Amino acid sequence: MIWTWGELLLLLLWRKWTGQGGAAPAADHEARTPEEVVAAIQQGDEALRNDWIRQYQPFIAKTASRFGKRYIDPSRDEEFSIALAAFDEAIGSYSPEGGSSFLGFAGQVIQRRLIDYARKERRHLTAVPYSALQPQDDEAGSVLAKLEAKEALTVYSRERTAEERKEEIASLQAELAPFGVSFYDLSEQSPKHHDSREMLLGIGARLAQNAALFGMLVKKRQLPLKELSELEQVSRKTLERHRKYIIAVTLIAGGPYPILREYIRVSAAKQEGESS
């Protein structure tokens, strides 16, 4: 799945608003598309690069095995080392403007490097029919089949989550528009201090749970400042200053945004840990 530049801009603004900067929480790459992870790595996140390459070793082994028409053992076959280096090369040279997915691009780079290797060695790769590597007949085939199945499920889950997140971001953007709130506003006006951000996240969550006040917010397209100030024991001036932020948090907490709600929970938990 490829994001348009407009969608990527929304995603970057979303992350800036939630206090994650250009990167997601430590475990968030499990839920991001390969294209998003590569973009973060290209910004200089070497720890993510190493972790991600380890995660995709089954994909690398599978791609090398398909090229060689035999099982490539990561622990002893030179072809795996060539493919691993090619995957790392693909991370550095990939661009979404090329129109292909990262995994498709990485597969092409791996194939080219294995061809170069075979030519350099002046021999063809030994061939064992790939179709013969069946779990019931071959122990190596069983290992490869399990790796393929696990990697396929991981990629499917990641892409599905990314697609749903993209839809939620677009839906939230449309819902915020009648309130005069944009993602750019949120990224620029988010509270800088952890304690302030945590307080506002709490106010938004509680407002979403208050049926009467939430109804007033949705119906009138404005915060019930007087009632909220009394309920939360927070000055009206503070609420007015962070009006857009509170509105957005409330709509996420009270709306059909299960994936975006997790970002807010992770952000709050992260800030609590940093301030302790």
Members of segment 56-72 found to be free of Cβ contacts under 8 Å to residues at least 60 places away in the same chain, open to solvent by less than 50 Å² (accessible area, probe 1.4 Å) and under 22 Å from the mean Cα position of the chain (by Cα), listed by number: I60
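Do we have E230 as open to solvent by 50 Å² or more (accessible area, probe 1.4 Å), out of contact with any Asp or Glu (no Cβ under 8 Å at 6 or more places or on another chain) and at pLDDT below 90 here? Can you show your working first?
Numbers: open to solvent by 50 Å² or more (accessible area, probe 1.4 Å): yes; out of contact with any Asp or Glu (no Cβ under 8 Å at 6 or more places or on another chain): yes; at pLDDT below 90: no.
No: the conditions fail for E230.
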Could you grab the pairs with beta carbons closer than 7 Å, sequence gap of 6+ or different chains, first residue in segment 209-237 and part of a loop (DSSP other than H, G, I, E, B), second one among the polar types (S, T, N, Q)? S235/S229
Would a scan of segment 192-200 turn up a residue that is within 17 Å of L260 (Cα to Cα), open to solvent by 30 Å² or more (accessible area, probe 1.4 Å) and in a helix (DSSP H, G or I)? yes
Of the conditions (1) open to solvent by 50 Å² or more (accessible area, probe 1.4 Å); (2) out of contact with any helix residue (DSSP H, G or I) (no Cβ under 8 Å at 6 or more places or on another chain); (3) within 27 Å of S182 (Cα to Cα); (4) modelled with pLDDT under 85, S75 satisfies every one except a single condition; which number is it? (3)
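The values are calculated or read from the model by the stated rules, or taken from the named source; none is laboratory data. These numbers were taken from a predicted model, which means no experiment stands behind them. Cβ: placed from backbone, ideal geometry, glycine included. Neighbour counts: every protein chain shown. Accessible surface is based on the protein model in full, side chains and every heavy atom, while ligands, DNA and RNA are left aside. Shrake-Rupley method; radii C 1.70, N 1.55, O 1.52, S 1.80 Å.
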